[in-house]
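First the structure, then my questions, so here it is.
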Amino acid sequence: MALAALRREGRRFAPMISPRPITALRSSPLAPSLEDEGPIGVRYISTQVVRNRMKSVKNIQKITKAMKMVAASKLRAIQTKAENSRGLWQPFTALLGDLPSADVKKNVVVTISSDKGLCGGINSTSVKISKGLHKLNSGPEKETKYVILGEKAKAQLIRDSKKDIELIITELQKNPLNYTQVSVLADEILKNVEYDALRIVFNKFYSVVSFVPTVSTVLSPEIVEREAESGGKLGDLDSYEVEGGETKGEILQNLAEFQFSCVMFNAVLENACSEQGARMSAMDSSSRNAGDMLDRLTLTYNRTRQASITTELIEIISGASALEG
Amino acid sequence: MLRRASMLLARRPILAARARPFSTDLPAAPSADATFTEAWTKVIPNMDPPKTPLSFMQPRPPTPSSIPSKLTVNFVLPYASELATKEFANPCYDLIPVFKHSILSLFLLIVPATTGQMGVLPGHVATIAELKPGVLSVHEGSEVTKYFVSSGFVFIHANSFADIIAVEAVPLDRLDVNLVQKGLAEFTSKLSSATTDLEKAEAQIGIDVHSALNSALTG
C-alpha cells in the first residue's frame, strides 16, 4: 500500500520527469539549463532562472530608490528658488490682468518640458495642453506656432506638428537656473518669433504629489492697447499715467518684454520643481513594484526549491523501498 | 494593483486635509477666466482646462473713494521678495493737531525713474514708470533703507498699492567703492574702443550703471 501511495506521488510529479532524449535536446541551448540532470532518468527544475530574475529585480529596486533620493535632494534645492520667484509675476497680472481668451491672429505656444525622462506624466500633460491650445486657437487667418523648451516635448511634438515649430531649446538645466540665462532666452524668443500673444504652458508646483498644468498669457503691446480701448478687464489701463520721456507705446513694449522674462523665469523654475517631484513619485512607485515582484519571485523560488527537494526524496525513498521489497 | 489604487485613494483625502503648504499660493479669490474655460470645454471636452495665473493671484484691495492713508509696497526681485506687501501708514493724516512731536513720522518712497527721482506717497496717482539704475530709498519715520536698483518697473495702482519689480537690488552698504571705480574706468575705455553699435550701446549701459553706483556711494 505504501508502494502504491508512493507510485501515486510519483505520477503526480510525472510531468516533470520526461524520457531522456528530449532532455538531451532541450538542455543544450540553455546553459545554465532549466532542467538539471541528477541521477539517470531524473530531472528537476533548476532555480537558476528564478535566482537571476531576483538579482536583477533587486538591482532595479536599488537604482530606483537611489534615483528617488537624488530627485528629493534636487527638489529641495530648487524649491526655495521657485517659492521666492512666485512674487515676480503677480504685479504684472495685477496691472494687466489675465486674458487667456484674447482673440489674436498670431499665437505662440511656449511649451516647457524636461530633458530627462522617468518623470511620470507631466511632459505628456504639457504637450496635450499645448495641442489643445493649438486646436482652440485655430481658425481662419489665425495661426499657432510652437516654441519648445526641453527634449521630451520636442520628441512628442515633432511627430505631428513639425511645420508649426519655430524654435527648439534644450539642455536648459545644464547650469543652475538663474534669471540672466532665462532673460537671454526670452530675448532670443522675442527676437525670432512674431507674436500677438505668447502662451506659456508649464506645470505649476503645488506639492510633492500635485502638479497643476497652467497657462500664462503675455500679450504684445498692440493687443494690450486694443484690449484697453475696447474696455473690459484692461479698461483702466488708460487711467495709468506713464512716466518717461518715451511714448506710451515704447514703455508698453519694454513692459511686455519684461513681463515675458519674469513669467518665463517663474514658469521654468516651477516646471523644474514639478519634474523632480514627479520623478520622486515615479521612482517611489517603481521601487515599490520591484519590492512586490521580489516577494512573488521569492515565493516561486522557494516553491521550486522545495519541489525539487521533495522529488529527490521520493526518488531516493522509492529506490530504497524497491531494493528492500 | 488594486491595493495600490485603494492606498492612493486613501492617501488623497489626507493630503487635502493638510491643505496647501505654501500660503503664498492660497487662491483666496479663485476667479478664473470664464470665457476661456467655456471655449476650452467646447473644443477639448476630455481634458480639464489648464489653470491660469488669475486663480493663483493674491487678491488686491479695491480702489477706495478717498485718499487712503496707507501705502502697501510690494518690492520683488527674481530671487526674493524684499518687501512683500508691507504696509506703511502715514500717521500725519490722522494725527490730532495737538500732537507735539518735533519729528513728523512720514512715509516716503523714492524711486529712480527714467525721468528722475520720483517720490511716492499714499494716494499717488496711478502710474507706470520704468526705472533706471539708481537708489531706491524707503523712508519710514526716521529710518531710511536704501537699495541700489539695477532697473525694472514700478506700478502705482489707484488702490494705494505700489509694485516695484527690479532685476537686482542690493543694500548700499554691500557695494565696494574700488570695484565701482574700476568698472567705470573699464567701461569708459570700452566705449572709446567700441566699433559696432551694439558694443557702443553695451559700453554706454555699463557706464550709466557704474556712474549711478558712484553717485549713489558718494552722494
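The values are calculated or read from the model by the stated rules, or taken from the named source; none is laboratory data. This structure is a prediction, so every number in the text was calculated from the model and none was measured. Neighbour counts run over all protein chains shown; Cβ positions are idealised from the backbone, glycine included. Side chains included, ligands, DNA and RNA excluded: accessible areas come from the protein's heavy atoms. Shrake-Rupley method; radii C 1.70, N 1.55, O 1.52, S 1.80 Å.
Per the Kirkwood treatment, what hydrodynamic radius in Å, one decimal, follows for the stretch B:98-219 from the mean inverse distance over all distinct Cα pairs? Mind dumping the intermediate values first?
Details: mean 1/r = 0.0622 Å⁻¹.
Its Kirkwood hydrodynamic radius stands at 16.1 Å.
Let me ask you something else. Kindly rank A:203-215, A:132-144 from highest to lowest mean number of other beta carbons found within 10 Å of each residue. Could the numbers behind the result be given before it?
Numbers: A:203-215: 21.4, A:132-144: 15.5.
Taking the mean over residues of other Cβ atoms within 10 Å, the ranking is A:203-215, A:132-144.
If the limit is 27 Å between Cα atoms, which of A:K106/A:K174; A:K204/B:K42; A:K128/A:K162; A:K248/B:K182; A:K81/A:K116 go over it?
Values: A:K106/A:K174 32 Å; A:K204/B:K42 24 Å; A:K128/A:K162 15 Å; A:K248/B:K182 37 Å; A:K81/A:K116 21 Å.
From the list (A:K106/A:K174; A:K204/B:K42; A:K128/A:K162; A:K248/B:K182; A:K81/A:K116), the Cα-Cα distance tops 27 Å for A:K106/A:K174; A:K248/B:K182.
If the cut-off is a Cα-Cα distance under 13 Å, which aspartates and glutamates reach A:K163, setting aside same-chain residues fewer than 8 apart in sequence?
Qualifying aspartates and glutamates at Cα under 13 Å: A:E143.
Pop the C-beta distance of A:N254 and A:S56 into the FRET formula with R0 = 56 Å and round what comes out to the nearest 0.05.
Working: r = 58 Å, r/R0 = 1.04.
Calculated transfer efficiency: 0.45.
So for A:Y146, B:Y79, what's the accessible-area order with a 1.4 Å probe, most first?
Numbers: A:Y146 0, B:Y79 90 Å².
Order by accessible area, largest first: B:Y79, A:Y146.
What FRET efficiency do you get for B:A194 and B:S142 if R0 is 45 Å and r is their Cβ-Cβ distance, rounded to the nearest 0.05? Walk me through the numbers before you get to the answer.
Working: r = 46 Å, r/R0 = 1.02.
Computed FRET efficiency for B:A194 and B:S142: 0.45.
HN-Hα J couplings of the stretch A:257-272 from phi, Karplus 6.51/-1.76/1.60, θ = phi - 60°, integer Hz, Gly and Pro as x?
For the stretch A:257-272, the Karplus curve yields 5, 5, 4, 4, 5, 5, 5, 4, 4, 4, 5, 5, 5, 4, 5, 4 Hz.
Probe radius 1.4 Å, ligands and nucleic acids left out: can you give me the accessible area buried at the B-A interface, summed over both chains, in Å² to the nearest hundred?
Values: alone 15010 and 18570 Å², together 28760 Å².
Summing both chains' loss of accessible area gives about 4800 Å².
If you don't mind, another one. Indicate the gyration tensor shape class of the stretch A:48-94 (rounded, prolate or oblate), computed on the Cα atoms with a ≥ b ≥ c the square roots of the eigenvalues: a/c under 1.5 is rounded; otherwise a/b larger than b/c is prolate and the rest oblate. Can you show the working numbers first?
Numbers: a/c = 12.26, a/b = 4.58, b/c = 2.68.
Because a/c hits 1.5 or more and a/b exceeds b/c, the stretch A:48-94 counts as prolate.
Here's a follow-up. Per-residue Cβ counts within 10 Å, from other chains only, averaged over B:51-61: what number is that?
Values: counts 8, 10, 15, 6, 4, 10, 6, 5, 1, 4, 0.
Counting Cβ atoms of other protein chains within 10 Å of each residue's Cβ and averaging gives 6.
If DNA, RNA and ligands are ignored and the probe is 1.4 Å, what is the ranking of A:I165, A:I158 by accessible area, most exposed first? Provide the component values of the computation, followed by the final result.
Values: A:I165 30, A:I158 60 Å².
Solvent-accessible surface, decreasing: A:I158, A:I165.
Across peptide B:161-174, what mean number of C-beta atoms from other chains lies inside 10 Å of a residue's C-beta? List each step's numbers first, then the result.
Details: counts 2, 1, 6, 1, 11, 0, 6, 2, 0, 0, 0, 0, 0, 0.
Taking all residues of B:161-174 together, the mean is 2.
Counting only other chains, and only Cβ atoms inside 10 Å, what mean value do you get across the residues of A:200-208?
Working: counts 1, 1, 1, 1, 6, 2, 7, 7, 2.
Shielding by partners across A:200-208 averages 3.
So, one more: I'd like the residues of the stretch A:172-195 whose 1.4 Å-probe accessible area shrinks by no less than 40 Å² going from the isolated chain to the full set of protein chains.
The answer is A:Y179.
Mind checking the per residue accessible area of the stretch B:175-218 for me, 1.4 Å probe, whole number of Å²?
Numbers: 2810 Å² over 44 residues.
Dividing the accessible area of the stretch B:175-218 by its residue count gives 64 Å².
Whole number please: convex hull volume per residue, Cα atoms of the stretch B:174-219, in Å³. Walk me through the intermediate numbers first.
Details: hull volume 2.5 nm³, N = 46.
Convex hull of Cα atoms, per residue: 55 Å³.
Mind checking the per residue accessible area of the stretch A:116-235 for me, 1.4 Å probe, whole number of Å²?
Numbers: 5570 Å² over 120 residues.
Result: 46 Å² per residue.
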